[in-house]
Amino acid sequence: MFSFLLHIHSSMWGIMVLLFILSYAFYRQKGWSMALRLAYLIMIVTGSWMLTLHGFPWKFVLKGILALVLIGLMEMTLAKRRKRESTFLMWILLIVILMVILLIGFEVI
Ligand code: HEM
């Protein structure tokens with residue numbers, strides 16, 4: 001079960017990032033952001049399930065919290081884009097948090 005969840009989780013994060021870029025580029029098209037939200041859901045469900053199976057190691061609890069912050073930042077960035085507001089700072093924050101999540105996910109840190 002764990003390896004099945006990990007397989008979905010580790011193949012889905014790249015798709016989630018791609019869907020975010022497409023939702024940003026084509027912000028008038030609702031389909032991309034709906035698919036993005038489905039990707040969020042799959043990441044949260046597989047992630048929390050693995051966290052439970054793992055017995056809540058603190059590093060992955062932190063990673064889960066950072067992931068929820070990342071998702072919030074992605075949604076705020078898309079909202080600013082639709083309002084034609086500057087998103088430069090949001091992108092910097094997004095990329096830094098995504099890097100930290102990936103470093104924890106791949107157990108580099
Ligand atoms: C939404 C953004 C997220 C990204 C980009 C992300 C990314 C990753 C990556 C790259 C891995 C390693 C996959 C591998 O070893 O092949 C991983 C594993 C994991 N993630 Fe996430 N994740 C996210 C959300 C979450 C959430 C919300 C949780 C928990 C609530 C979570 C919990 C875990 C756990 C427990 C592992 C397994 C670690 C292991 O034992 O190998 N992730 N994640």
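The values are calculated or read from the model by the stated rules, or taken from the named source; none is laboratory data. None of the values given here were measured: they were computed from a predicted structure. Neighbour counts run over all protein chains shown; Cβ positions are idealised from the backbone, glycine included. We work out accessible area using only protein heavy atoms, side chains counted, and drop any ligands, DNA or RNA first. Shrake-Rupley method; radii C 1.70, N 1.55, O 1.52, S 1.80 Å.
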Filter the stretch 19-51 down to the residues that are farther than 12 Å from L5 by Cα and within 12 Å of the ligand (Cβ to nearest atom) and list them by number.
L19, F20, L36, R37, A39, Y40, L41
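Out of the residues in the stretch 28-72 that are among the hydroxyl-bearing types (S, T, Y) and open to solvent by less than 40 Å² (accessible area, probe 1.4 Å), state the one that is farthest from I95 (Cα to Cα).
Applying the filter and picking the extreme gives T46.
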If the Cβ limit is 7 Å and pairs must be 6+ apart or interchain, which residue in the stretch 80-109 that is farther than 15 Å from V69 by Cβ pairs with which residue that is outside any helix (DSSP H, G or I) and hydroxyl-bearing (S, T, Y)?
K80/T87; R81/Y27; R81/T87; R82/Y27
Looking at the stretch 52-88, which of the residues that are among the hydroxyl-bearing types (S, T, Y) and assigned to a helix (DSSP H, G or I) is farthest from M1 (Cα to Cα)?
T77
Only unsatisfied item for I109, checking (1) of a type in the set (A, V, I, L, M, F, W, C); (2) open to solvent by 50 Å² or more (accessible area, probe 1.4 Å); (3) within 11 Å of the ligand (Cβ to nearest atom), is (3)
One residue from L68, L62, L73 being farther than 16 Å from M16 by Cα and either under 18 Å from the mean Cα position of the chain (by Cα) or within 13 Å of the ligand (Cβ to nearest atom) (or both)
L62
